[in-house]
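The values are calculated or read from the model by the stated rules, or taken from the named source; none is laboratory data. Everything numeric in this text was worked out from a predicted model, so none of it was measured. Counting neighbours? That spans all protein chains shown, and the Cβs are built from the backbone with ideal geometry, glycine included.
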Amino acid sequence: MQIIYIIRGVIIVILLLEQQVIPALVGILFTFISWLFVKIFFSPRIAISKNISKKTVDDRTAYRVKIKNYGFRKCSDLIVYAKLEVRGLNEKSKGNFDSFFVNRSFDGIYPVLYKGRSILLHIYNTIQYDRNYYSPNFISKIENASSVEDLLNLTDNTKLIIYVIATDNFSGSRKLFTSVEYTVENIDERSFCKDSVELYKK
């Protein structure tokens, strides 16, 4: 008799699993597949170069980062930020980073970046900062910075990061892209390849 009750209990559990758990798992799987489909086909795909290209022409030096649209459609309303993170400015908390916006070749919104197209973002050797907050020594270093290398050598732990926010022109999906953490070692005098964000081989 007990065996019958056990078998009946097992059957009830199986029926409950079929009615509740399995549909829930199917729903989760369907949601994941939908998310993956949107991520692959309806989200912007932007690549940011891993190096900063340095070129000098007629005593004028340009520092450029390449940004390319690898997506299936054009992107719109691109917003680009260049942020300098400097560790060690505050004597009382040398482990903290101070962040500054670095001046670049365009501000505001870049209206359209077509499929397969690229833009070259120029990085300048000036930053935005509060003169009333930082020490005269730091302000002197900033004002005397004549190159991007000088900015990246403000302290022993200084890095530059590029952020790109792009919108897929069809779906309206918006995504943030982050570059590598550039240091002086990422600056290279080679040019970028025509169809990629890589540098020409030496």
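A few remarks follow.
- Of all residues in region 134-159, those that are touching a residue at least 12 places away in the same chain (Cβ under 8 Å) and closer than 19 Å to Thr61 by Cα have Cβ atoms under 9 Å from Cβ atoms of residues that are in a loop (DSSP other than H, G, I, E, B) and of a type in the set (S, T, N, Q), 6 or more apart or on another chain, in Ala145/Asn153; Asp150/Asn144; Leu152/Thr183.
- Just one residue in the set Asn169, Asn96 is free of Cβ contacts under 8 Å to residues at least 60 places away in the same chain and either under 15 Å from Ser49 (Cβ atoms) or over 16 Å from the mean Cα position of the chain (by Cα) (or both); that residue is Asn96.
- Qualifying residue in region 85-105 (condition: surrounded by 15 or more Cβ atoms within 10 Å (Cβ to Cβ), under 25 Å from Ile67 (Cα atoms) and of a type in the set (Phe, Trp, Tyr)): yes
- Restricting the search to strands (runs of 3 or more DSSP E) fully inside region 47-92 and requiring at least 2 residues that are under 20 Å from Asp195 (Cα atoms), modelled with pLDDT of 95 or more and in the same structural domain as Val112 (by TED's automatic domain parsing) gives 52-57, 60-69.
- Exactly one residue out of Ile162, Ile127 is modelled with pLDDT of 90 or more, surrounded by 13 or more Cβ atoms within 10 Å (Cβ to Cβ) and closer than 24 Å to Leu78 by Cα: that is Ile162.
- Candidate set: region 93-130, residues that are assigned to a strand (DSSP E or B) and among the charged types (D, E, K, R); chosen: the one nearest to Thr167 (Cα to Cα): Arg104
- Residue match in region 151-171 (condition: assigned to a helix (DSSP H, G or I) and of a type outside the set (S, T, N, Q)): yes
- Ile165 being closer than 16 Å to Arg104 by Cβ and of a type in the set (A, V, I, L, M, F, W, C): yes
- Residues of region 46-63 that are crowded, with 19+ Cβ neighbours inside 10 Å and basic (Lys, Arg): none at all.
- Residues within region 115-124 that are exposed (fewer than 12 other Cβ atoms within 10 Å of the Cβ) and over 26 Å from Lys55 (Cα atoms), tallied: 0
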